[in-house]
Amino acid sequence: MTNSQKTFMRQAIDLAKNGMLAGNGGPFGCVIVKDGAIIGQGSNMVLRTNDPTAHAEVVAIREACKNLNHFQLEGCEVYTSCEPCPMCLGAIFWARPAKVYYACTKEDAADAGFDDEFIYQEIEITPEKRQIPMIALMREESLKAFELWKEKGDKTLY
Ligand SMILES: [Zn+2]
């Protein structure tokens, strides 16, 4: 662990503590670093913004991508105070940073009442059998959007 890694992670942990104490949401913080500088940061804002997707990593990714004016976090490092939940893990893979550092584990989070294990289990279950049933409808009609995408000449691939 380098001193700068320690500094960035400590900043993520401070965001976690301060955001929670301010009533913004759970005790989670995240900073995103590119070329040694912070380009995005966030704490959990679920309670403050009534947004169930406003996890620290998502808040930080949105800010970093806005600052980069790009939808990818190429060459970036993510420092998060806790191992990402499945939603944030997905967001991180879509954003494609180079590396993720995390402090607490998901077991630590579960111990504090933030258990995301059920989501990992739900992923394995057939969609219609999930606790929130997912029912397939109108596939043929919806496939037309994919056909248009495939034919689109000037598309940006991501
Ligand atoms: Zn999350």
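All of the numbers you see were taken from the coordinates with simple rules; none came from a lab. Everything numeric here is computed off the predicted structure, so don't read it as measured data. Glycine also receives a Cβ, built like all others from the backbone with ideal geometry; neighbour counts cover every protein chain displayed.
Summary table
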{"read-out": "Within the chain, helix-based [θ] at 222 nm, where runs of 4 or more DSSP H residues each add -39,500 (n - 2.57), nearest 500", "value": "-14000 deg cm²/dmol"}
{"read-out": "³J(HN,Hα), Karplus 6.51/-1.76/1.60, whole Hz, each residue of the stretch 73-82, x for Gly, Pro", "value": "10, 4, x, 9, 10, 9, 10, 10, 5, 8"}
{"read-out": "Lys pairs under 22 Å by Cα in the chain, provided they are eight or more residues apart or on distinct chains", "value": "11"}
{"read-out": "The stretch 69-158: C-alpha gyration tensor shape, a/c 1.5 cut-off, then a/b vs b/c", "value": "oblate"}
{"read-out": "Separation of alpha-carbon centers, the stretch 121-158 and the stretch 38-58, rounded to whole Å", "value": "27 Å"}
{"read-out": "Counting DSSP beta bridges with both ends in the chain, the antiparallel % (nearest 5)", "value": "65 percent"}
{"read-out": "Longest segment of the chain lacking trypsin sites (Lys or Arg not before Pro) that sit in a DSSP loop with at most 10 other Cβ atoms within 10 Å", "value": "1-151"}
{"read-out": "Rounded if a/c under 1.5, otherwise prolate or oblate - the chain, Cα gyration tensor axes", "value": "oblate"}
{"read-out": "Any cysteine of the chain lacking a neighbouring Cys Cβ under 4.7 Å - listed by number", "value": "Cys30, Cys65, Cys76, Cys85, Cys88"}
{"read-out": "Likely footprinting exposure, Asp51, Asp154, fewest C-beta neighbours within 10 Å first", "value": "Asp154, Asp51"}
{"read-out": "Dipole of the chain [Lys/Arg +1, Asp/Glu -1 at C-beta], most positive-end residue of Gln131, Thr105, Pro27", "value": "Pro27"}
{"read-out": "Between 0 and 90°, nearest 10: helix 86-95 axis offset from the chain longest Cα axis", "value": "80 degrees"}
